[in-house]
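Report on the structure given below.
The values are calculated or read from the model by the stated rules, or taken from the named source; none is laboratory data. The structure presented is a predicted model; accordingly, all values stated were derived computationally and were not measured. With ideal geometry, Cβ positions are generated from the backbone for all residues, glycine too; neighbour counts draw on all protein chains shown. Note: accessible area is taken over every heavy atom of the protein model, side chains too, but ligands, DNA and RNA are not part of it. Shrake-Rupley method; radii C 1.70, N 1.55, O 1.52, S 1.80 Å.
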Amino acid sequence: MLVETSHPGNIGAAARAMKVMGLQRLALVRPRCEVGSEARARASGAVDVIDNALTVPTLAEALEGVHFVAGTSARSRRLGPEVVDLRAGVGDWAAGIGAGASAIVFGPERTGLDNDALDRCNALWRIPTAGDYASLNLAAAVQVVAYELRQALDGGVAGVAEETVEVAPAEEVAALCEHFGRVAGRVDVINPQAPRLGLRRVQRLARRARPESSEVKLLRGFLSAVERAIGSRKAVSEDKS
């Protein structure tokens, strides 16, 4: 998934990099350029990847039905997922390959992924580079990641599990976090001076845990019970007054 890509050539080159490695499903989130002739020219024999690409206004919409989300980043973030080297990250991904649809998210060329995007990731992958210079062209980054994924799919990464657990899709986890935020606000668990900070901690915990759908339903049932209890207490208090 390419988020807010600003140069059409990068979109075309990324599509080519994907197809060379057998990857076909490209999503474009709020592209900042026209996906036209320049993108198609750079795609070379991978124009079909561009023609079939999903173009959506939000990352949340792009991630519907996705169970595992890996973001790409050259630096650690205080509240984001742990950043691991690409090969190790792909190895972890391969160990859970049967756990549903996966997405690899690449940020804008100039700024990378913002905090909102990072909060939707289960993991962050970093391409190791020489020294302190970690600036890699977007399409080149896509090519390197696609190569590592191809190696994993072809059995080049050890430790692929035969049995995996079906984790909840991203939208279910996001709904759980939002539900928790509403309830936490009503019982003063989250600091009202920094509500976003508290919610981000919950999001990080939920995505690291990678709960199953049944577990998400259980937790949301508990939160709904808390909401009902709060409502009952409020009604009793109003009757007494």
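Packing order of peptides 187-197, 9-19, highest average first: 9-19, 187-197 (average count of other Cβ atoms within 10 Å over each peptide's residues).
Whole number in Å², please: accessible area per residue of the chain, 1.4 Å probe, ligands, DNA and RNA not counted. Walk me through the intermediate numbers first.
On the way: 13140 Å² over 241 residues.
For the chain, the per-residue accessible area is 55 Å².
Once the other residues with Cβ under 11 Å from the Cβ of residue 33 are scored (Lys, Arg +1; Asp, Glu -1), what is the net sum? Neighbourhood net charge equals -2. Evaluating kT/(6 pi eta Rh) at 20 °C and 1.002 mPa s, with the Kirkwood radius of the range 18-64 over Cα pairs in the Stokes-Einstein relation, gives 188 µm² s⁻¹.
For every helix of n ≥ 4 consecutive DSSP H residues, a contribution of -39,500 (n - 2.57) applies; sum these over the chain, divide by its total residues, and give [θ] at 222 nm rounded to the nearest 500 deg cm²/dmol. Could you put the intermediate results ahead of the total?
Values: 10 runs with 119 residues, N = 241.
Result for the chain: -15500 deg cm²/dmol, rounded to the nearest 500.
Across the options 181, 205, 46, the greatest Cα extent toward the positive end of the charge dipole of the chain (unit charges at beta carbon of Lys, Arg, Asp, Glu) belongs to 181. Here the Karplus curve 6.51 cos²θ - 1.76 cosθ + 1.60, taken at θ = phi - 60°, turns the phi angles of the range 137-151 into couplings of 4, 4, 5, 5, 5, 4, 4, 5, 5, 4, 4, 5, 5, 4, 4 Hz, with x standing for Gly and Pro. 3J(HN,Hα) couplings calculated from phi for the range 175-190 with the Karplus curve 6.51 cos²θ - 1.76 cosθ + 1.60 (θ = phi - 60°) are, in sequence order, 5, 4, 5, 5, 4, 4, x, 5, 5, 4, x, 6, 10, 6, 7, 8 Hz; Gly and Pro show x.
Centroid-to-centroid, using Cα positions, the range 180-204 and the range 27-57 are 38 Å apart. Among residues other than residue 8 with Cβ under 11 Å from its Cβ, the summed charge is +1 (Lys and Arg +1, Asp and Glu -1). Taking amide H as placed 1.01 Å from N in the peptide plane, residue 105 has its amide H under 5 Å from the amide H of 70, 71, 72, each at least 5 places away in sequence or on another chain.
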